[in-house]
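One structure is given below, encoded as structure tokens.
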Amino acid sequence: MSECEAAGGAPLSVEELLSLLRGRWQASYDLQLVRRQGRLYLHVMWGHLEQQSFPLTAEAYGEKLAAIVASLNGLGVAAQVRQWLATTRDRPRLGKALSLPLQLPEGRASEFLL
């Protein structure tokens, strides 16, 4: 059993994450992992791939999502992210990102937040 499965969920894939974003908000929003005051957050930013002014190409966006998915899976928080994206009632607005405080499994926080 992998660490992700042991932590309570199958690993996320880029395709699943895109499907969750598009299913929830009909857009491929930008994501960021943010460390603040010893905590780690997943931010859903207000910019999205479908905007003409979005600074990334589709390929660069896919690469960025792949890196974020790898980090989320490595941290063992795939199930949290999946649940939150499926149930949050908020939506990103210009200048205001949505923020998910990640509840990291014991020991993972110190590895990631060095």
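Those residues that are out of contact with any strand residue (DSSP E or B) (no Cβ under 8 Å at 6 or more places or on another chain), more than 27 Å from L104 (Cβ to Cβ) and of a type in the set (S, T, N, Q), I need them from the range 28-75; list them, please.
Correct list: Q51, Q52, T57.
Of everything in the range 41-76 that's of a type in the set (A, V, I, L, M), farther than 16 Å from S19 by Cβ and in contact with a Pro (Cβ under 8 Å, 6 or more places away or on another chain), which residue is surrounded by the most Cβ atoms within 10 Å (Cβ to Cβ)?
For the range 41-76, the residue satisfying everything is L75.
Of the residues in the range 40-66, how many are more than 21 Å from R82 (Cβ to Cβ), of a type in the set (A, V, I, L, M) and outside any loop (DSSP other than H, G, I, E, B)?
Selection size over the range 40-66: 2.
Hey, among the residues in the range 84-93 that are of a type outside the set (S, T, Y) and surrounded by 13 or more Cβ atoms within 10 Å (Cβ to Cβ), which one's modelled with the lowest pLDDT?
So the first thing to find is which residues in the range 84-93 are of a type outside the set (S, T, Y), and the list is 84-86, 89-93.
From the residues that got through so far, the ones that are surrounded by 13 or more Cβ atoms within 10 Å (Cβ to Cβ) too are 84-85, 91-92.
On the way: W84: 95, L85: 94, R91: 87, P92: 91.
Only one residue tops the list, namely R91.
Among the residues of the range 1-36, how many are at pLDDT below 90, surrounded by 15 or more Cβ atoms within 10 Å (Cβ to Cβ) and assigned to a helix (DSSP H, G or I)?
1
When you check L40 against the structure, is it touching a helix residue (DSSP H, G or I) at 6+ places or on another chain (Cβ under 6 Å) and of a type outside the set (K, R), yes or no?
no
The values are calculated or read from the model by the stated rules, or taken from the named source; none is laboratory data. The structure displayed is predicted, hence computed values, not measured ones. Heads up, the Cβs are rebuilt from the backbone with ideal geometry, glycines too, and the neighbour counts pull from every protein chain shown.
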